[in-house]
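Only one structure is covered here, and it is reproduced in the block below.
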């Protein structure tokens, strides 16, 4: 009888049916330590996997996570729930690359290492992809910061890749007190933006074959294509250390609150202003950076920079976006955005913030209403003074075929699964 049940579940997943597995799987008694809205519960899908970054869920329910460091000689964790209890019971490691970006597209699993994008062929019914990696895009320079290469895909065969800025604010001497900004900033030529490639063409070079779709984005670890609106969205990691580098202009308290983490609707040709500008949420406008003559009020060239569609508190490190399209969660969540905030490191003397997943309601292409904390408790402590205090930090988000939501943690290598049990 048990085997018949498993077979039925497998067929439903393979056919793309969205079953309400919240009535089948059993959540952890303490919701795996998470605080969730009424009617929701959580369980640990898998644990101690390595430094799991972004995640993807295949149409049959198989889960794939990228690793920032090799574990068991692999950079991709491949997971399957064979007995339909909601937890991974088959875990395999694959691939020689490490990084953050991972995507499932047209029968391949794509992986974004720091300097190259590769893909592996998937075989229907098989958990582990092919051994051989095909190079899709290369030519990215090695960086010592903001080097991750997350990617997303549109509906016309294009792949979009973040290329972060290898600097805080494009100073002559990076992160050095009083060092001026280079004007114009040469990093913008091949960094600080989003590049578009063809998803099905191999051995593309960033400089020769890539198309700079948008610029002025310091670092967008969170990037996703919203299929319902046919638009690209991203979250920017704002610049750091205003009071440390310019104490004559900013107090520590102001530096902890500036600049906003920006939610971006990214169009072809968008320019969001980095390194010359940053968004001040108190003034609700972009102002000139101090490296380029700004004083915290002056707008100057920033009047031409594109604004975000929503601003979040500073330094919370948004690492992934998921537009929810499932049928498990209540209607209020349909087509809205979930954002995973990895957590801040430089809000002293104030406590660090983030370390949670938030929800943003949407109407069409833009938010409708305020954002709210959806899932918290990842850090395991009441007050985070340093990222080292946090037991877990949210990094990646994915939606299962049943409508449940997966959240990855890159401290302990845990993957949470959140389901809705309410009426």
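The values are calculated or read from the model by the stated rules, or taken from the named source; none is laboratory data. None of these values were measured; they are calculated from a predicted model. Every residue, glycine as well, gets a Cβ built from its backbone with ideal geometry; the counts of neighbours run over all protein chains shown.
Report whether or not residue 254 is in a helix (DSSP H, G or I) and touching a residue at least 60 places away in the same chain (Cβ under 8 Å). So residue 254 does not fit the description; no.
Of the candidates 129, 184, 180, 150, the single residue that is touching a strand residue (DSSP E or B) at 6+ places or on another chain (Cβ under 8 Å) and free of Cβ contacts under 8 Å to residues at least 60 places away in the same chain is 129.
Is there a residue in region 379-386 that is surrounded by fewer than 23 Cβ atoms within 10 Å (Cβ to Cβ), in contact with a helix residue (DSSP H, G or I) (Cβ under 6 Å, 6 or more places away or on another chain), within 19 Å of residue 34 (Cβ to Cβ) and touching a residue at least 60 places away in the same chain (Cβ under 8 Å)? Looking through region 379-386, none of the residues is surrounded by fewer than 23 Cβ atoms within 10 Å (Cβ to Cβ), in contact with a helix residue (DSSP H, G or I) (Cβ under 6 Å, 6 or more places away or on another chain), within 19 Å of residue 34 (Cβ to Cβ) and touching a residue at least 60 places away in the same chain (Cβ under 8 Å).
Inspect all residues belonging to region 159-167 and state whether any of them is in a loop (DSSP other than H, G, I, E, B) and surrounded by fewer than 21 Cβ atoms within 10 Å (Cβ to Cβ). Checking region 159-167: at least one residue is in a loop (DSSP other than H, G, I, E, B) and surrounded by fewer than 21 Cβ atoms within 10 Å (Cβ to Cβ).
Residue 347 passes every criterion in (1) over 20 Å from residue 271 (Cα atoms); (2) at pLDDT 95 or above; (3) part of a loop (DSSP other than H, G, I, E, B) apart from (2). Residues being surrounded by fewer than 20 Cβ atoms within 10 Å (Cβ to Cβ) and in contact with a helix residue (DSSP H, G or I) (Cβ under 7 Å, 6 or more places away or on another chain): count how many of those fall in region 83-117. Total meeting the criteria: 1.
In the set (1) under 26 Å from residue 162 (Cβ atoms); (2) touching a strand residue (DSSP E or B) at 6+ places or on another chain (Cβ under 7 Å); (3) loosely packed, with under 15 Cβ neighbours inside 10 Å, the condition left unmet by residue 368 is number (1).
Using the structure shown, decide if residue 177 is out of contact with any helix residue (DSSP H, G or I) (no Cβ under 7 Å at 6 or more places or on another chain), surrounded by fewer than 16 Cβ atoms within 10 Å (Cβ to Cβ) and at pLDDT 95 or above. Considered against the rule, which asks whether it is out of contact with any helix residue (DSSP H, G or I) (no Cβ under 7 Å at 6 or more places or on another chain), surrounded by fewer than 16 Cβ atoms within 10 Å (Cβ to Cβ) and at pLDDT 95 or above, residue 177 comes out as no.
Within region 203-225, being part of a strand (DSSP E or B), surrounded by 15 or more Cβ atoms within 10 Å (Cβ to Cβ) and over 14 Å from the mean Cα position of the chain (by Cα) holds for 204, 212, 213, 214, 215. Residue 413 meets the stated requirement of being touching a strand residue (DSSP E or B) at 6+ places or on another chain (Cβ under 8 Å), at positive phi and either assigned to a strand (DSSP E or B) or in contact (Cβ under 8 Å) with a residue 24 or more places away in the chain (or both). Residue count for region 367-390 satisfying the condition of being within 19 Å of residue 347 (Cβ to Cβ) and outside any helix (DSSP H, G or I): 13.
Conditions tested, residue by residue: (1) touching a helix residue (DSSP H, G or I) at 6+ places or on another chain (Cβ under 9 Å); (2) assigned to a strand (DSSP E or B); (3) surrounded by fewer than 20 Cβ atoms within 10 Å (Cβ to Cβ).
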residue: 119; (1), (2), (3): no, yes, no
residue: 124; (1), (2), (3): yes, no, yes
residue: 127; (1), (2), (3): no, no, yes
residue: 137; (1), (2), (3): yes, yes, no
residue: 144; (1), (2), (3): no, no, yes
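Restricting attention to region 15-34, does a residue exist that is in a strand (DSSP E or B), surrounded by 19 or more Cβ atoms within 10 Å (Cβ to Cβ) and at pLDDT 95 or above? So far as region 15-34 goes, no, none of its residues is in a strand (DSSP E or B), surrounded by 19 or more Cβ atoms within 10 Å (Cβ to Cβ) and at pLDDT 95 or above. Here residue 332 passes the criteria (1) within 19 Å of the chain's Cα centre (by Cα); (2) touching a residue at least 24 places away in the same chain (Cβ under 8 Å); (3) surrounded by fewer than 16 Cβ atoms within 10 Å (Cβ to Cβ) except the one numbered (1). Filtering 401, 349 for residues that are touching a helix residue (DSSP H, G or I) at 6+ places or on another chain (Cβ under 9 Å), within 29 Å of residue 60 (Cβ to Cβ) and surrounded by fewer than 24 Cβ atoms within 10 Å (Cβ to Cβ) leaves a single hit, 401.
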